Amino acid sequence: MTQFHLIPPRARRASVWLAGLAIGMAALPVTAQTSGSSGLAEIYSNLPADQQQAILQQVGGGQGSQGGSGASSAAQSRSGSAAIQNNQQNARGRAADAEAMLPHRLRADDLILIEPDIQRQKLSWPTTAGTGAGAAPPLTGLPGGASGGPIIAPEVELKPEERTRLSGLDALIRSKNPYTLDPSGAIQLPGFAAIALAGLTEAQASLRLSAEPDLVKLDVKVTYLPVQRHGSTGLKPYGYDLFDEAQSTFAPLGDVPVPSDYVVGPGDKFSVQLYGSQNRTLALTVSRDGHLSFPELGPISVGGRRFSEVRADVESRVSRQMIGVRASLSMGDVRSIQVFVVGEARYPGAYTVSGLATVTGALFAAGGVKEIGSLRTIQLKRAGQTVRTLDLYDLLMRGDTSNDAKLLPGDAILIPPIGATVSVEGEVHRPAIYELKDSESMADAVRMAGGYTTEA
């Protein structure tokens, strides 16, 4: 027997509200973070533990962690943030998969095959027979006419000179196969002006060519040839594939060790363990004016100071001013900051990242660098001044992260257009197109390409 359970109206409204909040959190955009996302996060952090766990389960983030009754609200907030980030990464991955399943759209340098053919037959659709005066009689005697489907008309009649002209045009166009779209995405057929095909599918390109006045009596078929290019035409710009794959996992930055040079700011949380004549633990948060309110010591100015300095200062004050008590200060949750990624980024805009984030972390959040952007002169701007220039070639070729600077609130990462480039092919270990700096020579280009092979 089928059983039915009645849900009280108040519980039903609550469940609908939770589902709506879960959908809102799951639908946060993967591009620039806005004030709407921070509003949802604030609503989430103020919910009871059981409702937070219900939202995590609905957005797919509640399976990996069990929110027990003893879990702190900060830990649950980090879990919620991790679930949102995972959801955003999964949404970007699903969008990429869906885009891969769509028909290929032609673009510059694509190789295509053009197959024109003289129209033999045309499809036409019968007119529905009416019942009034002057109505056309039903079409019969032709395939599809009785059932209302398409009717195959007799073969198109052409004059001998017209057929000869079309046959010659057909042979001329086929003799030039295959065709390569020029840098503007247009095709140059013999005897025709350039015809733009960029952005069209094969079927749309076929219709576009068939619409040319001199080709209206030809059935034109366009076929995209996904050939792998070799030699100089097959070279790809070096380094941009670093951002091709979206990050599949998200590790909460609250579990990452805080470096000693981390700059403390409003919103950072500290855990102070007192031992000796007193044994207790204090949870302190840096206020908006940059002060840490210590119960026995009063406000301590910590904003803008390095974490190592703050730790030494607090522990020293406790040992001096609280007799028989010592302290051990550690970092709790790290604040979030807003930075800007502008220029030739794949998704430019404002992003909310962890206070521990670096320039490369913000680049990954923005989807990476477009191929028209520079990988070698990425600028970190602070208060209008360039404070660091990152060369991603140092990271990719030598693993050097010395210029991958920590970010501060309001920082802007500018990706300028790409500079001069050189193609390196032949007997080198890593043939590709490399971006050059002003002082680099041919020897530097060969070194970037991995050096000579044994066959050079």
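Where a number appears in this text, it was derived from the coordinates with a stated rule and is not lab data. Nothing here was measured: the structure is a model prediction, and the numbers come from that model. Cβ: placed from backbone, ideal geometry, glycine included. Neighbour counts: every protein chain shown.
Computed quantities for the displayed model
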{"item": "Full-extension gain in nm, ARG163 to GLU315, via 0.36 nm per residue minus C-alpha separation", "result": "45.1 nm"}
{"item": "Environment charge at LEU197 (Cβ cut-off 13 Å; Lys +1, Arg +1, Asp -1, Glu -1)", "result": "-2"}
{"item": "Rounded FRET efficiency, nearest 0.05, which uses the C-beta distance separating ALA420 from ARG306 and R0 of 45 Å", "result": "0.70"}
{"item": "Amide H contacts under 5 Å for ASP411, placed H, 5+ residues apart", "result": "PHE340"}
{"item": "Inter-probe distance in nm under a simple model that places probes 7 Å from Cα toward Cβ, at SER175 and ILE118", "result": "1.8"}
{"item": "Spatially proximal lysines relative to LYS269 (Cα-Cα < 26 Å; intrachain offsets below 8 disregarded)", "result": "LYS406"}
{"item": "Loop trypsin sites (Lys or Arg not before Pro), region 375-450, which have at most 15 other Cβ atoms in a 10 Å radius of their Cβ (DSSP)", "result": "LYS437"}
{"item": "Rounded FRET efficiency, nearest 0.05, which uses the C-beta distance separating ASP394 from THR454 and R0 of 45 Å", "result": "0.95"}
{"item": "Chymotrypsin sites (Phe, Trp or Tyr not before Pro) restricted to DSSP loop in region 171-239 with at most 16 other C-beta within 10 Å", "result": "PHE192"}
{"item": "Full-stretch length increase - ALA211, TYR224 - with 0.36 nm per residue and alpha-carbon distance subtracted", "result": "2.8 nm"}
{"item": "Region 357-456: C-alpha gyration tensor shape, a/c 1.5 cut-off, then a/b vs b/c", "result": "prolate"}
{"item": "Efficiency of FRET between GLN188 and LEU102 - r from beta-carbon atoms, R0 22 angstrom, step 0.05", "result": "0.25"}
{"item": "27 Å Cα-Cα threshold exceeded, pairs from LYS236/LYS381; LYS176/LYS217; LYS236/LYS437; LYS381/LYS437; LYS159/LYS221", "result": "LYS236/LYS381"}
{"item": "Karplus (6.51, -1.76, 1.60) ³J(HN,Hα), θ = phi - 60°, over region 402-414, in Hz, Gly and Pro reported as x", "result": "5, 9, 7, 6, 5, 9, 10, x, x, 5, 10, 9, 9"}
{"item": "5 angstrom amide H check on VAL325, placed H, neighbours 5+ away", "result": "SER277"}
{"item": "Shape category assigned to region 292-344 from the gyration tensor of Cα positions, a/c cut at 1.5", "result": "prolate"}
{"item": "Pairwise centroid distance, computed over Cα atoms, of region 360-414 with region 259-318, Å", "result": "31"}
{"item": "Under 5 Å, built H, 5+ apart or other chain: amide partners of PHE294", "result": "ILE300"}
